[in-house]
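Nothing in this text is a laboratory measurement; each read-out follows from the coordinates by a stated rule. A quick note: this is a predicted structure, and the numbers were derived from the prediction, not measured. Cβ atoms come from the backbone with ideal geometry, glycine included; neighbour counts cover every protein chain shown.
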């Protein structure tokens, strides 16, 4: 029996339907517009989630956090990550923490303006072991004293048609929904007592303030059974369902539209196809017309914990390509974004950083935890997403291949360069005249920018330079105060194939000597490299030119630093590499 669940992760975002009251009750509306982005803090302990809501998620504008299954799971040798998807009871004692810690986490997140969505494993129980993290013991996978017995599970021959009780044919609905997924004891969700037990668990979470659920393995539960469980919930909640599309299969995502929203797996696979070898210029029509769910029903992701392991999508291991895909997803106007936050893994079963007993360690970003959601390409693009909520895509531009740009109404503009060379041109941004912080290379604070500033003229145009495998984004909330002038840097430099020239300097608008925030120069007049950027008026600064290689290594020109000062008008600086 396999011990992994690579095909059983079904994330369901569903609007709850009828409640127990005899008259129609309010349902939880799906997130819409700004402040709807969900951070998937995969297998983070509850205390770390609570702190993250306070210090990062709330301030950065995330609207929700997805937390891993809080119910008691089986504990097995080696404590692989997937053991949390094998419940043995519905008490809130897991490897991420206890009930009190969970409740405190929900309170902290709500205080920060962040909703909490719990990953709910309700299709099955476990397939192995005899002990859970809370000390629960059970004789076998069909017997959980005080909760479920053998009659509460699907068996062969009724209703599962397979003699070994396992799913073999995804073209047969009964196989998919009434047989066992990778050996896990499949609950008889047609039975009212089973629905009542599941609903009792979900109601317990709702009583602690949980706002909704990711319904795991929803594809393997009949939609009528999900509706029956929803009807027993005592509060409105938001659900999103994991129903993976498979061509020609008997169970399809659209069959679940009546029970909630859906995780749109085709979104991530389509982005991988275009960002990892295809042409991103093809994304001009990206959305429902590509055969995906309607935008209002789709919860979308570049990757999740399953797809980053089975390779069907990009992941943090893809570096710049992954970052650019994330920028696009948060800038585009399709679906409710779900941003993955991973722990490092070298093999598919690897545990998150944990103690010997399996309890997950406190999160320390960079020490076994990737924390993608904190990185500027994700965190600051959440602010972009919120600023452009409700607007359409306009001013689309592409080079026909891997350089694209577009605006979102009059509220935001993004340019993405998935090519090795620099992209430099004047773009129609759609934004009002003003100076804007490039939020992919700086942060806005008290009307100033810690990175480069882009000037939009009275016609909505801006001269923008985008480095290779990089992007630029500005939005209404990134407008900065104070007067700026246009400064043109021209550097005469010969380069080898794959090298590009940048300028970096002592002030925030020049990256404060951080080459990651340096300004790319265009090679259109090679060997003269040129870029125009906005710097504060009457400001003295030092600067240098650097060459960046395709592998990311940087070569600095020799000392000393160059010096200049802005006045109140344009400034042209002409230099030669030394």
Quick one: Cα centre-to-centre distance for segment 93-158 and segment 239-316, in angstrom?
-> 27
Most exposed to least, judged by fewest other Cβ atoms within 10 Å, 469, 359 sort to 359, 469
Could you work out the Rg to Rh ratio of segment 89-156, with Rh taken as the Kirkwood radius (inverse of the mean 1/r over all Cα pairs)?
-> 1.08
quick note, the chain, DSSP beta bridge pairs, % antiparallel (nearest 5) is 65
Which Rg and Dmax, in Å, describe the Cα atoms of segment 393-576?
-> 15.4, 46
Could I have the simple spin-label model distance between residue 425 and residue 573, label points 7 Å from Cα toward Cβ, reported in nm to one decimal?
-> 2.8
Which order do the peptides 448-457, 307-316, 269-278 take when ranked by the mean count of other beta-carbon atoms within 10 Å per residue, highest first?
-> 448-457, 307-316, 269-278
How big is the chain by Rg and Dmax over its Cα atoms, in Å?
-> 26.0, 84
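Grab the Cα-Cα distance for residue 528 and residue 193, subtract it from 0.36 nm times how many residues apart they are, and report the gain in nm with one decimal.
Net length gain for the segment: 113.0 nm.
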Within 10 Å of each residue's Cβ, count the other Cβ atoms and sort 530, 189, 137, 326 from fewest upward.
-> 137, 530, 189, 326
Along the Cα-to-C-beta direction of residue 494, a point sits 7 Å from the Cα; which residues of segment 506-533 have their amide N less than 19 Å from that point?
-> 523-530
Residue 396/residue 486 FRET efficiency (R0 35 Å; Cβ-Cβ; nearest 0.05) | 0.85
Over segment 98-201, volume per residue of the alpha carbon convex hull, in Å³ = 132
Sort the following peptides by mean Cβ neighbour count (other Cβ atoms within 10 Å, averaged over residues), highest first: 296-303, 362-369.
-> 296-303, 362-369
